[in-house]
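Enquirer: Just dropping this structure here.
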Amino acid sequence: MKKVTFLIILVVIVIPCFAQTAADKSVSVLSFKVGDVPVTIPAPTKEFSEVGYDNREIMEVAVPPANRLVCAFVLKSDLPRLTRHDEELKLTRYAFVEVPRRGEYMDWKTSDFKKLIETMKGSLGNTISSSVEESEEELNHRLKSLDLNTKVRIGQPVQLGCFFYKENAFGFGMIVEYMMGNKAVKVVVGTMVLRVKERLLYAYLYAEYKDINTIKWVRKTMEQWSDTILKANR
């Protein structure tokens, strides 16, 4: 229970991370099953590594019930403390890749993906605004189920618009403020929808907001990551 409590707070409020050895300079590339299809998911950058099964199983707590966590990436320098569940760890960057549970075995053709993205683009603002209250309610329900005597408030997101739109990838961003007690954290959330081997994936890159450079980093990294994932699965 202590591990779950630790991670759900960090995932939503402080942004979690993980690491391999400092000597490993390569980008982590691993294969995962999405439905019955093996999919290769490289790390967002060489600063990140995949958390591994044990940490991933715990971090699933922070994923919406409608999705399944495929893999999670965190900063290499934070892995040892994350793995031993150091309560003093303040994580600032991490990434999730998820698949919709109901669509995990569905084939997505190019035309299907295009229709989905056009629909998302047209309703993006309304969808984000209307989901804040629902997300806050779900989060606090989970905190209560873990016997945590605290509540989290989610501020209205500041939309950053479309980051990129390609044949098999669509990315957009926002800034979200999370408040717990007298503590507040602003987070830049980069979101992308990917069509990989006819499977639909959602990928999220989170970074604690410092200044305009945080937004630039998320935007640039998200697009590069989408290109890397799609190239690895050709």
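Enquirer: Provide the gained length on full extension for the span residue 115 to residue 177, in nm with one decimal, where the gain is 0.36 nm per separating residue minus the Cα-Cα distance.
Expert: Extra length available between residue 115 and residue 177 comes to 19.2 nm.
Enquirer: With the cut-off at 15 Å, report for the stretch 173-216 the share of all Cα pairs above it, as a whole percent.
Expert: 53 percent
Enquirer: To the nearest 10 square angstrom, how much accessible area does residue 114 have with a 1.4 angstrom probe?
Expert: Answer for residue 114: close to 120 Å² accessible.
Enquirer: Counting only protein chains, not ligands or nucleic acids, how are 219, 234 ordered by accessible area (probe 1.4 Å), most first?
Expert: 234, 219
Enquirer: Can you put 178, 202, 209, 105 in order of accessible area, largest first, using a 1.4 Å probe?
Expert: Sorted by accessible area, descending: 105, 209, 202, 178.
Enquirer: Grab the Cα-Cα distance for residue 211 and residue 47, subtract it from 0.36 nm times how many residues apart they are, and report the gain in nm with one decimal.
Expert: 57.0 nm
Enquirer: Pull out the extension gain between residue 232 and residue 36, defined as 0.36 nm times the separation in residues minus the alpha carbon to alpha carbon distance; nm, one decimal. If you can, show how the numbers build up before the last one.
Expert: Values: separation 196, 0.36 × 196 = 70.56 nm, distance 1.77 nm.
Extra length available between residue 232 and residue 36 comes to 68.8 nm.
Enquirer: What FRET efficiency comes out for residue 151 versus residue 105 if R0 is 41 angstrom and r is the Cβ-Cβ distance? Round to the nearest 0.05.
Expert: Details: r = 37 Å, r/R0 = 0.91.
About 0.65, to the nearest 0.05.
Enquirer: Given points 7 Å out from each Cα along the Cα-Cβ axis, report the residue 158 to residue 186 separation in nanometres with one decimal.
Expert: The answer from the label model is 0.4 nm.
Enquirer: With +1 on each Lys and Arg Cβ and -1 on each Asp and Glu Cβ, how big is the dipole of the stretch 121-234 about its Cα centre, in debye rounded to the nearest 20?
Expert: Here the size comes out at about 420 debye.
Enquirer: Heavy atoms of the protein only, probe of 1.4 Å, neighbouring chains included. What is the accessible area of residue 109 in Å², nearest 10?
Expert: Probe radius 1.4 Å; accessible area of residue 109 about 100 Å².
Enquirer: May I pose another question? Whenever you get a sec, line up 40, 214 from highest to lowest accessible area (probe 1.4 Å, protein heavy atoms). Let's see the in-between values first.
Expert: Values: 40 30, 214 10 Å².
Descending order: 40, 214.
Enquirer: Please work out the average accessible area per residue across the stretch 111-193, using the 1.4 Å probe convention, and give it in Å².
Expert: I get 56 Å² per residue for the stretch 111-193.
Enquirer: Of the heavy-atom accessible surface of the stretch 115-208 (probe 1.4 angstrom), what whole percent is carbon and sulfur?
Expert: 48 percent
Enquirer: While we're on this one: How do the peptides 160-169, 67-76 rank, highest first, by the average count of neighbouring beta carbon atoms within 10 Å per residue?
Expert: Averaged packing, sorted descending, gives the order 67-76, 160-169.
The values are calculated or read from the model by the stated rules, or taken from the named source; none is laboratory data. The structure presented is a predicted model; accordingly, all values stated were derived computationally and were not measured. Every residue, glycine among them, receives a Cβ derived from its backbone with ideal geometry; neighbour counts consider all protein chains shown. Protein only, heavy atoms only, side chains kept; ligands, DNA and RNA dropped before computing areas. Shrake-Rupley method; radii C 1.70, N 1.55, O 1.52, S 1.80 Å.
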